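Colleague: Here's a structure for you.
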Amino acid sequence: MAGLPRRIIKETQRLQADPVPGISAVPDESNARHFHVEVAGPVKSPYEGGTFHLELFLPEEYPMSAPKVRFMTRIYHPNIDKLGRICLDILKDKWSPALQIRTVLLSIQALLSAPNPDDPLDTTVAEAWKRDELGAIAQARQFTKEYAMGNKPPQ
Amino acid sequence: MAGSGQTECVIPRNFKLLRELELGEKGVGDGTLSWGLANDSDITLSDWIGTIIGPPRTAFEGRIYTLKMHCGEKYPDQPPTVQFQTRINLSCVQKDTGVVDPKKVNCLRQWSRNASLADVLAGIRDLMVSKENYKVSQPAEGTTYF
């Protein structure tokens with residue numbers, strides 16, 4: 001792995017040796033900066049029982065700039081858009097090199113437990129969430145059932 | 001691939017395409033080229049629509065050409081496939097189908113993973129102003145292949 005920054009090697013080793021509960025992150029065989037991620041939907045959230053596939057990429061400037069992350073499994077959530085892009089402050093202006101892949105994944109897991117319709121990425125979903133929270137939660141459950149259960153990892 | 005990508009920073013397909021999408025949404029250059037997803041909820045980021053405004057002082061002047069571009073799973077290691085929707089007489093385009101022959105567009109023939117959908121559109125526009133094409137008579141405006 002010559003040429004791969006030591007920081008990335010260390011983080012990768014730790015993710016394997018001491019994984020975050022409910023999350024797996026495995027580097028791609030041909031690209032050590034590209035991780036295949038699986039997040040289990042948190043209990044007591046409308047995503048419970050679902051397995052969500054994400055991908056994470058460490059750009060050249062990492063850790064001076066944030067990892068890039070997106071959902072590959074469709075999800076009904078006010079802070080995640082139809083293309084799987086995530087609205088999360090630490091992925092944007094609140095990024096700090098003191099954060100890690102691990103912290104990013106934990107924050108995404110927390111975002112699933114606590115959707116924030118006041119800082120929306122998908123405005124249609126966010127409006128539904130504010131207008132009729134129970135209805136939106138039911139819809140999120142339906143999406144989880146439809147797209148995140150029994151789904152295979154995308155290629 | 002040399003060094004199997006361990007040493008250099010290789011941007012994966014989807015992150016490259018998301019960046020291309022953002023560039024397309026911002027609008028680049030003089031606005032004569034544009035591109036975006038054919039379906040805004042296509043989580044696979046595979047099917048794109050591009051447009052080229054015909055360059056001035058050519059037979060294509062002022063016309064708006066719509067093209068379908070498909071990025072397969074191997075993009076950007078492999079180039080997109082491209083098909084005109086708007087009928088056109090152009091040396092790189094199959095007359096009956098609108099399909100672009102990759103051998104006849106430099107950017108597609110000598111594809112590099114750093115190239116983008118914008119480069120493909122620019123490469124096709126360059127052919128419109130080339131000597132062999134710029135005066136060729138064109139089908140009626142607004143007619144399409146499909």
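FYI, it's all coordinate maths here, none of it is from the lab. Quick caveat, the model's predicted, so the values are computed rather than measured. Methodologically, a virtual Cβ is constructed for each residue, glycine included, from the backbone with ideal geometry; neighbour enumeration extends over all protein chains shown.
Colleague: Below 30 Å Cα-Cα, how many Lys pairs turn up in chain A? Only count pairs eight or more apart in sequence, or on different chains, if you could.
Modeller: Close lysine pairs found across chain A: 26.
Colleague: With charges set only on the Cβ (+1 for Lys and Arg, -1 for Asp and Glu), what does the dipole of the protein assembly as shown come to about its Cα centre, in debye to the nearest 20? Before the final figure, lay out the partial values.
Modeller: On the way: 36 positive and 36 negative charges, 115 e Å.
Dipole magnitude for the protein assembly as shown comes out near 560 debye.
Colleague: Normalised by the number of residues in chain A, what is the relative contact order in percent for Cα pairs under 8 Å and 6+ residues apart? Walk me through the intermediate numbers first.
Modeller: Values: 246 pairs, mean separation 33.2, N = 155.
Here the relative contact order equals 21 percent.
Colleague: Assign one of three labels to segment A:24-68, namely rounded, prolate or oblate, based on the Cα gyration tensor with a ≥ b ≥ c the square roots of its eigenvalues; rounded applies when a/c is under 1.5, prolate when it is not and a/b is larger than b/c, and oblate otherwise.
Modeller: oblate
Colleague: Using only the alpha carbons, work out the radius of gyration and Dmax of chain B in angstrom.
Modeller: For chain B, the Cα radius of gyration and maximum Cα-Cα distance read 15.7, 53 Å.
Colleague: How high is the relative contact order of chain B? Use alpha-carbon pairs under 8 Å, at least six apart in sequence, and give a whole percent. The partial results should precede the final answer.
Modeller: Values: 235 pairs, mean separation 29.3, N = 146.
RCO, chain B: 20 percent.
Colleague: Which longest run of chain A has no exposed loop site in it, a site being trypsin sites (Lys or Arg not before Pro) in a DSSP loop with at most 15 other beta carbons within 10 Å, and the site itself not part of the run?
Modeller: Details: sites that count: A:K44, A:K92, A:K94.
The longest uninterrupted stretch comes out as A:95-155.
Colleague: Treating only the Cβ atoms of Lys and Arg (+1) and Asp and Glu (-1) as charged, compute the dipole magnitude of segment A:86-155 about its Cα centre; round to the nearest 20 debye.
Modeller: Numbers: 8 positive and 9 negative charges, 71 e Å.
Rounded to the nearest 20 debye, it is 340 debye.
Colleague: Further question on the same structure: Rounded to the nearest 10 degrees, what's the angle between the helix B:117-128 long axis and the longest principal axis of chain B, both from Cα atoms, 0 to 90?
Modeller: The angle comes out at about 30 degrees.
Colleague: Among the lysines, which have Cα under 29 Å from the Cα of B:K135 when same-chain residues fewer than 8 positions away are ignored?
Modeller: Correct list for B:K135: B:K68, B:K95, B:K103, B:K104.
Colleague: Once you average over the residues of A:30-42, how many Cβ atoms of partner chains fall within 10 Å of each Cβ?
Modeller: On the way: counts 7, 9, 6, 7, 7, 1, 0, 0, 0, 0, 0, 0, 0.
Average per residue, whole number: 3.
Colleague: Considering only the other residues whose Cβ falls under 14 Å of the Cβ of A:A138, what net charge follows from Lys and Arg at +1 and Asp and Glu at -1?
Modeller: Details: positive: A:R131, A:R141, A:K145; negative: A:E48, A:D132, A:E133, A:E146.
Surrounding charge for A:A138 is -1.
Colleague: Does segment A:51-147 classify as rounded, prolate or oblate by the C-alpha gyration tensor (a ≥ b ≥ c root eigenvalues; a/c under 1.5 gives rounded; else a/b over b/c gives prolate, otherwise oblate)?
Modeller: Working: a/c = 2.46, a/b = 1.82, b/c = 1.35.
Prolate shape, in that a/c is at least 1.5 and a/b is the bigger ratio.
Colleague: Whole angstrom only: what separates the Cα centroid of segment B:33-95 from the Cα centroid of segment A:84-155?
Modeller: Using only Cα atoms, the two centres lie 33 Å from each other.
Colleague: Enter the angle in degrees (range 0 to 90, nearest 10) between the Cα long axis of helix B:13-26 and the first principal axis of the Cα atoms of chain B, meaning the one along which they spread out most.
Modeller: Result, in degrees: 50.
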